[in-house]
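Written out below as structure tokens is the structure these notes cover.
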Amino acid sequence: MKKSDQEFVVQKIRTQYTEKTDAGVEELKALDSRVKRPANLFAGLFGSLGALVMGAGMSLVMTDLAEILEIQNPMLWGILMGCVGMGMALVNYPIYKKLLESRRKKYAGQIIALSDRMMKG
């Protein structure tokens, strides 16, 4: 094994046993999470709701659920519910992107300032 390879392996193992006291990295990760979490949460919940609405519309059309609920003309209501669910799924990604972009603009100054401080030492 070359000396440079040995030094790399030694350094890699050494870093596993040294304490990491760099609070700046943790703060940077927390800010990044604060930017992304609301957009991810919204996209997951809104997408799931859209899928449930679309599935409910399919259930009206394909099962006896309409008879149990005494719904007149289940085909029409099922197709309408399915279209609403599909519409929710279609607009989910653009809403997610807008939400994420607005959060990035809000926190960009803090993240850039912190990362500049960390990179300069």
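The values are calculated or read from the model by the stated rules, or taken from the named source; none is laboratory data. Bear in mind the structure is a predicted one, so any value in this text is a computation, not a measurement. Reconstructed Cβ throughout: ideal geometry from the backbone, glycine too, with neighbour counts over all protein chains shown. Remember, those area values only see protein heavy atoms, side chains included, never the ligands or the DNA or RNA. Shrake-Rupley method; radii C 1.70, N 1.55, O 1.52, S 1.80 Å.
Would you mind checking segment 89-117 for residues with the amide N under 17 Å from a putative spin-label position 7 Å along Cα→C-beta of Phe42?
In segment 89-117, the label zone of Phe42 (backbone N under 17 Å from the point 7 Å along Cα→Cβ) covers 89-108.
Let me make sure I get this right: for segment 50-95, a, b and c are the square roots of the gyration tensor eigenvalues over alpha carbons, sorted descending. Under 1.5 in a/c it's rounded, otherwise prolate if a/b > b/c, else oblate. Which is it?
Cα axes put segment 50-95 in the prolate bin.
Taking Lys105 as the anchor, which lysines have their alpha carbon closer than 17 Å to its alpha carbon, excluding any fewer than eight residues away along the same chain?
Partners within reach: Lys29, Lys36, Lys97.
Given the Cα-Cα distance of Gln6 and Ser115 and 0.36 nm per residue of separation, how much length would full extension add, in nm?
Details: separation 109, 0.36 × 109 = 39.24 nm, distance 3.14 nm.
Contour length minus the Cα-Cα distance gives 36.1 nm.
In a GNM of the chain with a 10 Å cut-off on Cα contacts, which of Arg34, Arg103, Arg14 has the highest mean-square fluctuation?
Arg14
Kindly identify segment 30-121 as rounded, prolate or oblate by the Cα gyration tensor criterion: order the square roots of the eigenvalues as a ≥ b ≥ c, call it rounded if a/c is under 1.5, otherwise compare a/b with b/c, prolate if a/b is larger, else oblate.
prolate
As I understand it, the value is the acute angle between the Cα axis of helix 74-120 and the longest principal axis of the Cα atoms of the chain; what does it come to in degrees, rounded to 10?
The helix 74-120 is inclined about 20 degrees to the chain.
How much accessible area does Glu27 have with a 1.4 Å probe, in Å² rounded to the nearest 10?
Rounded to the nearest 10, that gives 100 Å².
Calculate for the chain the 222 nm mean residue ellipticity that helices alone would give, adding -39,500 (n - 2.57) per DSSP H run of length 4 or more and normalising by residue count, nearest 500 deg cm²/dmol.
-31000 deg cm²/dmol
In the chain, if the dipole is taken from +1 on Lys/Arg beta carbons and -1 on Asp/Glu beta carbons about the Cα centre, which of Ser33, Met58, Tyr96 is farthest to the positive end?
Of the options given, the answer is Ser33.
Highest mean first, what order results for 67-73, 104-110 on Cβ atoms within 10 Å?
Descending mean neighbour count gives 104-110, 67-73.
Which lysines have a Cα less than 19 Å from the Cα of Lys2, not counting those fewer than 8 places away in the same chain?
Lys12
Under a point-charge model restricted to the Cβ atoms of Lys and Arg (+1) and Asp and Glu (-1), what is the dipole moment magnitude of segment 3-112 relative to its Cα centre, in debye to the nearest 20?
About 720 debye.
Please compute the per residue accessible area over the chain with all protein chains in place, 1.4 Å probe, rounded to a whole number of Å².
It amounts to 79 Å² per residue over the chain.
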